[in-house]
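First comes the structure, then the notes that go with it.
Bear in mind these aren't lab numbers, they're just calculated from the coordinates by the rules spelled out. If you're wondering where the values come from, they're calculated on a predicted model, not measured in any experiment. A quick note on method: Cβ atoms are made from the backbone with ideal geometry, for glycine too, and the neighbour counts reach across all protein chains shown.
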Amino acid sequence: MTIDVRLLTEPFIPGTFIGPFTQAHPGLGGVCTFVGEVRGQAKDGGRVEALELSHYEPLTLPGMRALAETAALRFGLMGLLMLHRVGKLYPGEPIVCVSAAAEHRRAAIDAVDFAMDHLKSDSWFWKRELRDGAWHWIEPREQDHADLARWR
Amino acid sequence: MTIDVRLLTEPFIPGTFIGPFTQAHPGLGGVCTFVGEVRGQAKDGGRVEALELSHYEPLTLPGMRALAETAALRFGLMGLLMLHRVGKLYPGEPIVCVSAAAEHRRAAIDAVDFAMDHLKSDSWFWKRELRDGAWHWIEPREQDHADLARWR
Amino acid sequence: MARLVFLGRLADLAGGAERAVAPGPLETTLAALPVELAVALLDERVRIALNGELLAEPGGIVLAEGDELAFLPPVSGG
Amino acid sequence: MARLVFLGRLADLAGGAERAVAPGPLETTLAALPVELAVALLDERVRIALNGELLAEPGGIVLAEGDELAFLPPVSGG
């Protein structure tokens, strides 16, 4: 079972990671992949000019690794790929990519669902949006708690 | 909202479809993709030398299109890509690819889950495996009914 | 002539994916087939499609010139 | 010297992502900060990590030479 977790500081093309990841797991039954992109539309309908993600090195990557290991064990994966951008991003750029390889499709799909809920709500990232020339911090949402509660 | 449904008679590389599909939906929040591959291991543990999928032209593709439209409406998708191989396949080859683009991740992930359950259990495909030099038809599984019942 | 189309394992039983038959009532056509095949075609889990349209009720079919009648056993699943 | 690290909106309040402080009890360090910042750092939703390890109980911290103490407000979510 292989786990590949990375923080990326530059724009990336998910396919360049997913192709080799899939190739590395002969015998798999299925691969589920989620790619999230920066949306140009803010929650209040305004236009997002940029998004900046900050993290705390000593916690963020170890936290992602622990999450990846938990997901891999819980769903009996053959492999898990977890990529997250940090730094300044622009609308349309990939911000997160999670790919799970498993013998059966349900494990792969559920693992991606689980990993995304936890990455989004329970990982050490702080985000702010540039709107109308000013930076605005993004607060936690009520929905995040509901998302996590699904897995308890 | 765009729907792209195809039966493919030759081996395909999912990335060559998913890349353009993603590009075609600016403003999306996330894309979830499932790719299923032919497994070399049979359910009884034996080795699968090849898999042959037959279909019935007048029903199979229209059925997939109807499924794609149902999923796109149910989950409010921006786009849905649904590819399925027919003909003779070998272990490691992609057999199915479903990719859903949506504003929010839950819709994309759930749509793929829904589409895969229905494609696997409720679509007009007949499969037989070549094991030890002899072809064996694959029967419906009890699990298939349970998979579909999740969505009722 | 009309055509019968056999999907999945029914094609094995029929010795081919298709068979040309004379137009007329389906009962007459089936009566002329090998018994084992006719019984398999009439299995209640086998769906029937006439010219690409699934039939809700398979009784009373009369094949016309050029008709295609497909016999669809349960699909293979996941 | 020791270092305080401020994440998220706390960095805005602190006027920077880091601040060098003299070793000693954290209470003393906080007392020397602007009141608004000190209050924000002590918000019960702010987690504290000493040298990369989350602390379960933030009371009684004494900063040693070279220590890094990070203040982590709630993460941004989905």
Inset, instruction - For region D:2-69, just say rounded, prolate or oblate: build the C-alpha gyration tensor, square-root its eigenvalues into a ≥ b ≥ c, call rounded for a/c under 1.5, and beyond that prolate if a/b exceeds b/c, oblate if not. - result: rounded
Inset, instruction - Note the distances from B:Leu73 to each other copy's matching label point, with points 7 Å along the Cα-to-beta-carbon direction, in nm, sorted shortest first. - result: 4.5
Legend entry - Alpha-carbon centroid distance for the pair region B:20-69 / region C:2-20, whole angstrom: 26
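At a 10 angstrom cut-off on C-beta neighbours, averaged per residue, how do the peptides C:13-26, C:53-66 rank from highest to lowest?
Numbers: C:13-26: 14.5, C:53-66: 11.9.
Result, highest mean first: C:13-26, C:53-66.
Tell me whether region B:2-149 comes out rounded, prolate or oblate; compute the Cα gyration tensor, take square roots of the eigenvalues as a ≥ b ≥ c, and use a/c under 1.5 as the rounded threshold. The partial results should precede the final answer.
Values: a/c = 2.00, a/b = 1.73, b/c = 1.16.
Verdict is prolate for region B:2-149.
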Legend entry - Cβ-vector label at 7 Å, C:Gly59, separations to other copies in nm: 8.3
Inset, instruction - Could you check what % of the DSSP bridge pairs in the protein assembly as shown are antiparallel, to the nearest 5? - result: 80
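Quick check: net charge around B:Ile138, other residues with Cβ under 9 Å of its Cβ, Lys/Arg +1 and Asp/Glu -1? Walk me through the intermediate numbers first.
Numbers: positive: B:Lys43, B:Lys127, B:Arg128, B:Arg141; negative: B:Glu129, B:Glu139.
Taking every Cβ under 9 Å from that of B:Ile138, the sum is +2.
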Legend entry - chain B, relative contact order in percent, only Cα pairs under 8 angstrom and at least six apart counted: 33
Legend entry - Residues with amide H under 5 Å from that of A:Ala50, placed H, sequence gap 5 or more: A:Leu130
Inset, instruction - Taking a cut-off of 17 Å between Cα atoms, list the aspartates and glutamates near B:Lys43, but don't count ones fewer than 8 places away on the same chain. - result: A:Glu103, B:Glu52, B:Glu129, B:Asp132, B:Glu139, B:Glu142, B:Asp144
Inset, instruction - Just tell me, in residue order, which DSSP H segments of chain B are both 24 angstrom or longer along the helix axis (alpha-carbon based) and at least -1.0 in mean Kyte-Doolittle hydropathy. - result: B:57-74, B:105-122
Legend entry - Charged-residue dipole, Cβ positions (Lys, Arg, Asp, Glu), region C:2-69 about Cα centre, Debye nearest 20: 140
Inset, instruction - May I ask you to report, in nm to one decimal and beginning with the shortest, the distances from A:Thr2 to the same position in the other copies, taking label points 7 Å along Cα-to-Cβ? - result: 3.2
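Which value at 222 nm does the protein assembly as shown reach when only helices count, each DSSP H run of 4 or more adding -39,500 (n - 2.57), with the total divided by all residues and rounded to the nearest 500 deg cm²/dmol?
Numbers: 14 runs with 146 residues, N = 460.
About -9500 deg cm²/dmol.
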Inset, instruction - When a/c is below 1.5 the answer is rounded, else prolate if a/b is larger than b/c, else oblate, so apply that to the protein assembly as shown with a ≥ b ≥ c taken from the square roots of the Cα gyration tensor eigenvalues. - result: prolate
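Over region C:2-69, what relative contact order in percent results from Cα pairs under 8 Å that are six or more residues apart?
Values: 79 pairs, mean separation 28.8, N = 68.
In percent, rounded to a whole number, it is 42.
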